[in-house]
Amino acid sequence: MKNKVQLFERKQVRSVWDEGQEKWWFSILDVIGILTEQADYTKVRNYWKWLKNKLKTEGSQLVSNTNQLKLVAEDGKMRLTFRG
């Protein structure tokens, strides 16, 4: 897998190319931060936790398709995040 930073309206979205599956995986936290116009990572993460629980209770299969990936964090270290 190759890590890369994509841009969406000048905002960074961390992504990984999976050679085996031939598809891109994107950090759902980065996407949520952009869509909600929220720069605070803790608030974005809390919103995702709330949304994920809400979707699970509604029976959405979207949440079952999200997994954690190791992507470069703001501190430059590889950390687990969610993909979407």
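The values are calculated or read from the model by the stated rules, or taken from the named source; none is laboratory data. Not measured: the values here are computed from a predicted model. Note that each Cβ is placed from the backbone with ideal geometry, even for glycine, and that neighbours are counted across all protein chains shown.
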* Asked: Could you give every pair whose Cβ atoms fall below 8 Å, whose first residue belongs to the range 65-84 and is more than 13 Å from V16 (Cα to Cα), and whose second residue is at pLDDT 80 or above and of a type in the set (V, I, T), counting only separations of at least 6 or pairs across chains?
  -> T66/I28
* Structure fact -> Picked from the range 12-34 (must be farther than 19 Å from L51 by Cβ and small (G, A, S)), the residue surrounded by the fewest Cβ atoms within 10 Å (Cβ to Cβ) is G20
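Being loosely packed, with under 13 Cβ neighbours inside 10 Å, closer than 22 Å to M78 by Cβ and modelled with pLDDT of 90 or more: is that true of T42 here?
Numbers: loosely packed, with under 13 Cβ neighbours inside 10 Å: yes; closer than 22 Å to M78 by Cβ: yes; modelled with pLDDT of 90 or more: yes.
Yes; evaluated as a whole, the condition is true for this residue.
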